[in-house]
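One structure is given here, and the rest of the page talks about it.
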Amino acid sequence: MSTIALYYPRMRFRSEEWLKLAMLTWDQVGRIRPRLTMDTDSDLARQLRAETDFLFDLEPSERDLDAVGESFGQIVELGGPELRARFSVRSAVEAAPHTPDATGLRARYPGLVWVYAGGVGRKMTHSLLLSLVTAELAVVQDEDGVTHVGLHPFFARIYMTALADTMAAHSLLSPVTDDLDVYSAVGTLDRLYELLLEKGARRPAIGDIDHAYIHLAVEAVIRPGQIVDIPVRTLIDFRERYAGELAAFRKHVGSLSEELGTIAAVENPVAAHAHMYGIYRSTTQPQLEELRRALRAFGVESSTGMLGLKVDLASGTVVGGLAAAAGQPLVAAAGVTLTVAPYVAGRIKARRALREQSPVAYLLAVDRNLASRSLFACR
């Protein structure tokens, strides 16, 4: 799978916590957003757009729109009456709860989801728009030269998921979402009839299992709620510094393909994440604990400079330069330096080698740099 994600089915990220975790999981995240769309991003998303290349916007190509439009057009032709019975705009409006503070289209047509369908970066072909209106599956509104199509919420979700599936396939991206009510986008376009017209259609919860696992593992190390308080600049710097460790951790996750592959068919997202966490506890977490133990074995404890150095040697313990040289500070300093410095350098080199060779060093870096109490103490 690609290390670049395509977010769906919305333009606006629903969770800042998810977006911060995504910074530690993906190289970049794109989303389907026309260039002329009004900016409704959160402060976090705006900061990421201004200071990094992590977020980027994509518009559907004509190839994307034609592929999705043709498939949906065939479904409308084949199952028009049944689709109308399930997803007519009238039934969606009538079933919608009353919202007194709604304005504009949402006040006139409560319960509908609106898809941008006219102008630069449109998300639907004109021919499909006409087919949906004729089948009573859509209403069209033009305001200030901008065309939107109102759809039944479930039908709109399927449409945007299929569009994400198509765009991701054409651009070599991995579809990803933060919405537990939205299933995996992978393969949606090939399963439209089943998803829209057949009861009990199989809907796997997770598409890219590998990166979902990375996301879960990072979240497990940071612990619930902590990442919300981590400054964005800290996350940006961390990404740049530990890119190599992330690449190594991805290889580790790839080695779990047999275990993770069994989760690909799970439809309930809560159950899917529970299965992934079970794999984390039985495979990755023990390796992380073993790395911690190995690094502690090579630990060097220091206090107030060289004269206060305290090092555990194989032949005994050197405690303080003054005691080592019978009260002669200069002799003590020189002796400790000559005796201990090579030892310390060797221990540091061994620790570095352990980190570089471990496939879970990335999680250790997350723990030490992003989950430490000192990071939050100054806030």
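For the range 57-171, carbon and sulfur atoms together expose 51% of the accessible surface, with a 1.4 angstrom probe and every protein chain in place.
Just going by the charge dipole of the range 137-269, with Lys and Arg at +1 and Asp and Glu at -1 on Cβ, which of 151, 254, 163 is farthest out on the positive end? So the residue we want is 254. Across the range 142-152, coupling constants 3J(HN,Hα) worked out from phi with the 6.51/-1.76/1.60 Karplus curve, θ = phi - 60°, read 10, 10, 6, x, 10, 9, 10, 10, x, 10, 4 Hz, and Gly and Pro carry x.
Calculate the dipole size of the range 23-93 relative to its Cα centre from +1 charges on Lys and Arg beta carbons and -1 charges on Asp and Glu beta carbons; express the result in debye to the nearest 20.
On the way: 9 positive and 14 negative charges, 83 e Å.
Here the range 23-93 has a charge dipole of around 400 debye.
Take 45-53, 62-70 and order them by the average number of nearby Cβ atoms within 10 Å per residue, most first; the result is 62-70, 45-53. Spatially, the range 1-18 and the range 111-184 are offset by 17 Å when compared through their Cα centroids.
Defining a contact as two alpha carbons under 8 Å apart and six or more residues distant in sequence, what relative contact order in percent does the range 126-168 show? All intermediate terms of the calculation are to be shown ahead of the outcome.
Details: 23 pairs, mean separation 10.0, N = 43.
Taking the mean separation of contacting Cα pairs over the length of the range 126-168, I get 23 percent.
Straight distance only, please: which aspartates and glutamates reach the Cα of residue 251 with their own Cα at less than 13 Å, same-chain residues fewer than 8 apart left out? Correct list for residue 251: 210.
Close amide H partners of residue 30, meaning residues 5 or more places away or on another chain with modelled amide H under 5 Å apart, are 5, 6, 7, 56.
Calculate the dipole size of the range 137-296 relative to its Cα centre from +1 charges on Lys and Arg beta carbons and -1 charges on Asp and Glu beta carbons; express the result in debye to the nearest 20.
Details: 15 positive and 22 negative charges, 151 e Å.
Roughly 720 debye, rounded to the nearest 20.
The values are calculated or read from the model by the stated rules, or taken from the named source; none is laboratory data. This is a predicted model, so every value here is computed, not measured. Virtual Cβ from ideal backbone geometry, glycine too; neighbours counted across all protein chains shown. All accessible areas refer to the heavy atoms of the entire protein, side chains included, with ligands and DNA or RNA removed. Shrake-Rupley method; radii C 1.70, N 1.55, O 1.52, S 1.80 Å.
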